[in-house]
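Derivation of every value follows stated rules applied to the coordinates shown; laboratory data play no part. Just so we're clear, the structure is a prediction, and the values are computed from it rather than from any experiment. No Cβ is skipped: glycine too gets one built from the backbone with ideal geometry, and neighbour counts run over all protein chains shown.
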Amino acid sequence: MITLQHYLLVSAALFSLGIFGVLTRKNAVNVLMGIELILNSANINLVAFSRYSSHGLDGQMFAVFVIVVAAAEVAVALAIVLTMYRLLRTVNLDQADTLRR
């Protein structure tokens with residue numbers, strides 16, 4: 001039987017992988033994938049706590065909201081990454097400070 005602890009363990013693993021990806025990668029696309037892993041781990045937590053509590057569908061509604069925000073975040077971030085690539089011919093985050101000029 002799958003318990004709440006199993007969901008939390010999977011979520012913690014995804015969150016750890018996402019943090020590792022954000023902190024160690026220099027490629028902007030890889031950093032975005034790390035952020036998505038972090039948001040998905042939060043969604044797993046929301047749905048798991050909603051399933052094991054008696055409050056109905058609150059966790060699922062918050063998870064859908066997080067998915068919508070993540071989709072908007074990806075759209076904006078990819079527009080920034082494409083602009084950076086068009087100007088610099090690289091998506092290396094070490095060179096992202098040149099967009100301020």
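General remarks:
- Using the Cβ-Cβ distance between H55 and A96 with R0 set to 35 Å, the FRET efficiency from 1/(1 + (r/R0)^6) comes to roughly 0.25.
- The helix-only estimate of mean residue ellipticity at 222 nm for the chain, built from DSSP H runs of length n ≥ 4 each weighted as -39500 (n - 2.57), is -27000 deg cm²/dmol after division by the residue total.
- Span from the the range 1-15 Cα centroid across to the the range 41-56 one, whole angstrom: 11
- Where the Cα pairs of the range 4-95 fall when distances are cut into 10 Å bins, in %: 17, 37, 28, 13, 4, 0
- Put in line by how crowded their Cβ is, counting other Cβ atoms within 10 Å and starting with the fewest, I2, I67, I35 read I2, I67, I35.
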